[in-house]
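Worksheet: the structure to be examined is printed underneath.
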């Protein structure tokens, strides 16, 4: 997994290095990393470097000096000034310093723009002239390499602000929130974390899962496995009004490798068995439960959820069941709300959840004792301890009705296989995203679910 740290945590990490090595040249290391990546992205041709007065502007100026050794480099002081020593180095290396008009004119021949205008500690948004230049870069189709973050974004938030749109972003030590939280993350392009000898905090509160983690965590059968050791999951999903939710949750559970799937919901067995003949109807021995998807009318929901708690099994609680949680700690349970459902649980607005996903998800995890998977463009899993893990991202095609029902079934399979609730949420959300990424296009949730086995087999083959 990769650490995700705040701007203040990054400043603290740098200070620890300065305290240990007062003469260390972190700016020089960062500049060399920027120049090296720029060379790889655009081996030849003119480069435009837009810089500000802060430290990442200094990174940009030093990088410009490195690049000017063998190519034409134009430097624009976007805020009218830059670090004196670094600016002198850039001029001494042959960089051409221009005004805003000159920078816009240079875009006609440029193969790359390096955005080093604002850094981690800057206020979000851009001055008008800089915003106009950022728009000109996008209109001209010149790829942008952002230093630390696309200027204009808030390092500690996924919120959108007027900013550069980068094809690549290079950051140092660890990822920041804007690199992994949508919609800001889409402005960052491909993010490269460069090692400049700065280590993040020993115990980070936020992490992002990688595909290698999902492959390592996926529960695979062995020579002595049987249906019970692989995990039996019992689903109470769907209703007369929403029969499809039962089919979709069953598809998620079956296609992710459950040893056995039991169904105890209110959809007619004939419909289910025609589609999924391996499903067992009725209660029995199980290792995990899935509740709520497609219940619709919540009459009697409290009794159904309380009955589930009496089983003493880990449970996935989705959709309508989220509003009928029993009293007491829900240790081992996984709640799977989207932003609208989480806002109703907290008694706040949906916009508040969308603006503060980490604190909102943590709050529900803290008060219930359950792990909480907040579904959406970025998917967060909070543990009662406060740690949050962000799932592997996927394409936007999965934003459609029924995806959450499939996801609940996959979560149930993983809980039944013995994964802790937080890990089941991260792995399930990630494998659905990874499957969508490997099969781009408007696949409906049931079609995408049928492709889960191929992806799971692929990542676990090694």
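For every residue, the table says whether it meets (1) out of contact with any strand residue (DSSP E or B) (no Cβ under 7 Å at 6 or more places or on another chain); (2) part of a loop (DSSP other than H, G, I, E, B); (3) surrounded by fewer than 20 Cβ atoms within 10 Å (Cβ to Cβ); (4) not assigned by TED's automatic domain parsing to the domain that holds residue 182.
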residue: 373; (1), (2), (3), (4): no, no, no, yes
residue: 412; (1), (2), (3), (4): no, no, no, yes
residue: 423; (1), (2), (3), (4): yes, no, no, yes
residue: 431; (1), (2), (3), (4): yes, no, no, yes
residue: 437; (1), (2), (3), (4): yes, no, yes, yes
residue: 440; (1), (2), (3), (4): yes, yes, yes, yes
residue: 447; (1), (2), (3), (4): yes, no, yes, yes
residue: 453; (1), (2), (3), (4): yes, no, yes, yes
residue: 456; (1), (2), (3), (4): yes, no, no, yes
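Where strands (runs of 3 or more DSSP E) fall wholly inside the range 176-294, no range has 3 or more residues that are free of Cβ contacts under 8 Å to residues at least 12 places away in the same chain and outside the structural domain of residue 22 (by TED's automatic domain parsing).
Screening 330, 310, 335, 322 for residues that are touching a strand residue (DSSP E or B) at 6+ places or on another chain (Cβ under 7 Å), closer than 19 Å to residue 287 by Cα and assigned by TED's automatic domain parsing to the domain that holds residue 235 leaves exactly one candidate, 335. Exactly one residue out of 131, 106, 166, 100 is within 21 Å of the chain's Cα centre (by Cα), touching a residue at least 24 places away in the same chain (Cβ under 8 Å) and either in the same structural domain as residue 196 (by TED's automatic domain parsing) or under 20 Å from residue 61 (Cβ atoms) (or both): that is 166.
Going by the conditions given, is residue 397 assigned to a helix (DSSP H, G or I), more than 24 Å from residue 259 (Cβ to Cβ) and touching a residue at least 40 places away in the same chain (Cβ under 8 Å)?
Details: assigned to a helix (DSSP H, G or I): yes; more than 24 Å from residue 259 (Cβ to Cβ): yes; touching a residue at least 40 places away in the same chain (Cβ under 8 Å): yes.
Yes: the conditions hold for residue 397.
Can you find even one residue in the range 391-399 that is closer than 30 Å to residue 222 by Cα, exposed (fewer than 15 other Cβ atoms within 10 Å of the Cβ) and modelled with pLDDT of 95 or more?
Of the residues in the range 391-399, the ones closer than 30 Å to residue 222 by Cα are 391-394.
Remaining after also requiring exposed (fewer than 15 other Cβ atoms within 10 Å of the Cβ): none.
For the range 391-399, residues closer than 30 Å to residue 222 by Cα, exposed (fewer than 15 other Cβ atoms within 10 Å of the Cβ) and modelled with pLDDT of 95 or more: absent.
Here the condition is being farther than 16 Å from residue 5 by Cα, surrounded by 17 or more Cβ atoms within 10 Å (Cβ to Cβ) and in contact with a strand residue (DSSP E or B) (Cβ under 6 Å, 6 or more places away or on another chain); of 166, 155, 215, 174, it holds for 166 alone. Residues that are modelled with pLDDT under 95 and in contact with a strand residue (DSSP E or B) (Cβ under 7 Å, 6 or more places away or on another chain) do not occur anywhere in the range 235-252.
Could you please let me know if residue 386 is surrounded by fewer than 20 Cβ atoms within 10 Å (Cβ to Cβ), at pLDDT 95 or above and in contact with a helix residue (DSSP H, G or I) (Cβ under 7 Å, 6 or more places away or on another chain)?
Considered against the rule, which asks whether it is surrounded by fewer than 20 Cβ atoms within 10 Å (Cβ to Cβ), at pLDDT 95 or above and in contact with a helix residue (DSSP H, G or I) (Cβ under 7 Å, 6 or more places away or on another chain), residue 386 comes out as yes.
The values are calculated or read from the model by the stated rules, or taken from the named source; none is laboratory data. Because the structure is predicted, anything quoted here is derived from the model rather than measured. No Cβ is skipped: glycine too gets one built from the backbone with ideal geometry, and neighbour counts run over all protein chains shown.
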